[in-house]
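What follows is calculated from the coordinates using simple rules that are stated; it is not laboratory data. Remember, it's a predicted structure, so these values are computed and weren't measured experimentally. Glycine also receives a Cβ, built like all others from the backbone with ideal geometry; neighbour counts cover every protein chain displayed.
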Amino acid sequence: MTEAHEVTIKKARAAWRELKTDMTWEKWVHVGHGLVLGREDAMRDSGANAPHGRRYSKAFAAWLDANDFGDIDKGDRARLFSCMDNLAAIKEWRATLTMTERLRLNHPSSMWRRYEKTLVPKPKPTDEPPGEPADEKLADALFDLLGAEQELKRLEARVVELEEENEALRGFALCPDMSDEEIARTIFEHLWDSLGAARTVRSLHIAKEVLVDVENAIRDQPLYVTVYPVRRRDDDDPYGPGWEECEPNEKAESYEAVLYVGDIEAPPDEHQPDWTTAKVFNTLPEAEAHAKKLAVKHKVKVQSI
């Protein structure tokens, strides 16, 4: 199997997965290219001269299952092959259609049905040309209905997926006023319910390694202490009650002294819990005095407001 062969089949598998939620003709063409290669492989493996016969059918069925195409409807697959065998002509014909018509023809059955009608010679004009036969109108209506039913099934499947995602997220909310332990437990419980025990444990082991890398990166960042004016957030603020930096020219209610690592507020000092890294003071001199203490303790400079 050549590299180009593998790439084509890989694109076909990806397109078939996407077709289950987003049906477009372009994706069907990708699937068709993959199936054509599969048909050739099955003919070669079975020694068949044509895509027919028991040995070929068995080889092709095995190929479909091995490449995740086993759930493609047989009728859809047959009409897709018809389209692929006439792909150049269909592409040229599609270019003559309106955008609305091209968007509607997003399935091999409807595509082949419409294109096949163009292959029938048009009758010579008469004084009173007959209307479209009733059976032709019925066939077109049935194919339109088929397309609508398939689109409805796709939408229903998508609704189920969204409901499952919503159920998985239900109750998973993090609030600014939660403690670190509450946040950690909430994340853990969500992972446990969503992924199960084994994947949760593996994920947390990896997260621990990532955290070590982050902590090492933080240590390489510059430390500094700064003081800035703050105001109290409203109780109904999306971030919850607390303090936030004042806007330019806004009157300060208090002042906050903070130790920063790069652009990130440093975590509390576990060994001296009285030395929290962010404190709010009523007056600027009090905040500046605390900032100087932090600067001396951590051997860093005080950055002016």
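Numbers at a glance
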| read-out | value |
| --- | --- |
| Cα radius of gyration and Dmax for region 1-96 (Å) | 13.4, 41 |
| Alpha-carbon radius of gyration plus Dmax, which is the widest Cα pair, for region 1-55 in Å | 12.8, 37 |
| Efficiency of FRET between Glu6 and Ile72 - r from beta-carbon atoms, R0 22 angstrom, step 0.05 | 0.65 |
| When each of Lys58/Lys91; Lys91/Lys153; Lys251/Lys292; Lys208/Lys293; Lys27/Lys91; Lys11/Lys91 is checked by Cα-Cα distance, pairs over 22 Å | Lys58/Lys91; Lys91/Lys153; Lys251/Lys292; Lys208/Lys293 |
